[in-house]
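Asks: One structure, pasted below without further comment.
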Amino acid sequence: MLLLNDPVLHLSALEDLDVEDLAHLPRGYRYELHDGNLVIMTPASYRHQDMAGRIYVMLLAVGARAFLDPGVRGTRERDCRLPDVGVVAALPPNTADYANLPGSAMSLVVEVISEKSPNGEFTHKADWYAEQGIAEYWIVERDAEKSHDDATVHIHRLVTHGDKPDYFRERTLPLSQLEREYAAKRAAG
């Protein structure tokens, strides 16, 4: 049971939430559901939004069906994550009004790490996305130089070890380099 006393967000006790309940919560907040536990995400910084926006625009430019903050529904009714960017590979039938798509609909999810509140992007989030069968997972973090206009992107591909899905880090590169590569793809047609 969760009781919130924030002066801006007034919620009564919440119990037994499922993914459909998220649509009825107050707007203006970002929510995830971890095994039925409501997680209210911290507001994204300008830098965080800038990095997510750049990736979103880069993906759209090459024709990807990209979305900001797409809800990804888990295999259990009480599980949902909200990556910063996602690419939909194929929409399941009758999902026009869904706020959260099943992981099987996604080909890529991107998480931008919030410096002040990292949230398991390299550990439990990676495990969760792998369990959903999402083929590619990118983690974006501040580069070592703490640049204001660049970031480091870790590109992971889904592999299977025995019967357990996992991500293999394919490569790590600056966001600016990834943007140049995608611009070249776009130019090549």
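The values are calculated or read from the model by the stated rules, or taken from the named source; none is laboratory data. The shown structure was predicted, so the numbers you read here are calculated from the model rather than taken from an experiment. Every residue, glycine as well, gets a Cβ built from its backbone with ideal geometry; the counts of neighbours run over all protein chains shown.
Asks: Out of E115, E77, E141, report the one residue that is part of a strand (DSSP E or B) and of a type in the set (D, E).
Replies: Among E115, E77, E141, only E141 is part of a strand (DSSP E or B) and of a type in the set (D, E).
Asks: Sticking with this structure for a sec: Between A64, A90, A135, which is at pLDDT 85 or above, more than 12 Å from the chain's Cα centre (by Cα), surrounded by fewer than 14 Cβ atoms within 10 Å (Cβ to Cβ) and under 30 Å from H161 (Cα atoms)?
Replies: A90
Asks: If the Cβ limit is 9 Å and pairs must be 6+ apart or interchain, which residue in segment 164-189 that is part of a helix (DSSP H, G or I) and surrounded by 14 or more Cβ atoms within 10 Å (Cβ to Cβ) pairs with which residue that is at pLDDT 95 or above and of a type in the set (F, W, Y)?
Replies: L178/W138
Asks: Please indicate, with yes or no, whether at least one residue in segment 149-163 is over 27 Å from H24 (Cα atoms), charged (D, E, K, R) and assigned to a helix (DSSP H, G or I).
Replies: No, that holds for no residue.
Asks: Of all the residues that make up segment 144-163, how many are surrounded by 16 or more Cβ atoms within 10 Å (Cβ to Cβ) and either in contact (Cβ under 8 Å) with a residue 40 or more places away in the chain or within 22 Å of A44 (Cβ to Cβ) (or both)?
Replies: Of the residues in segment 144-163, 7 are surrounded by 16 or more Cβ atoms within 10 Å (Cβ to Cβ) and either in contact (Cβ under 8 Å) with a residue 40 or more places away in the chain or within 22 Å of A44 (Cβ to Cβ) (or both).
Asks: Among the residues of segment 14-25, is there at least one that is buried (at least 18 other Cβ atoms within 10 Å of the Cβ), part of a strand (DSSP E or B) and either modelled with pLDDT under 95 or not basic (K, R) (or both)?
Replies: The answer is no; no qualifying residue exists.
Asks: Here is a follow-up. Tell me yes or no: at least one residue of segment 72-82 is at negative phi and without any contact (Cβ under 8 Å) to a residue 40 or more places away in the chain.
Replies: Scanning segment 72-82, I find no residue that is at negative phi and without any contact (Cβ under 8 Å) to a residue 40 or more places away in the chain, so the answer is no.
Asks: Condition (residue is over 23 Å from H48 (Cα atoms), under 14 Å from the mean Cα position of the chain (by Cα), of a type in the set (G, A, S) and at pLDDT below 95) applied to segment 105-117: is it met by at least one residue?
Replies: The answer is yes, given that some residue of segment 105-117 is over 23 Å from H48 (Cα atoms), under 14 Å from the mean Cα position of the chain (by Cα), of a type in the set (G, A, S) and at pLDDT below 95.
Asks: Ok, one more. Sort out which residues of segment 22-51 are free of Cβ contacts under 8 Å to residues at least 12 places away in the same chain and closer than 20 Å to A126 by Cβ, and write them in order of number.
Replies: Passing the criteria: only V39.
Asks: Give the number of residues within segment 32-63 that are assigned to a strand (DSSP E or B) and touching a Leu at 6+ places or on another chain (Cβ under 9 Å).
Replies: Number of matching residues: 7.
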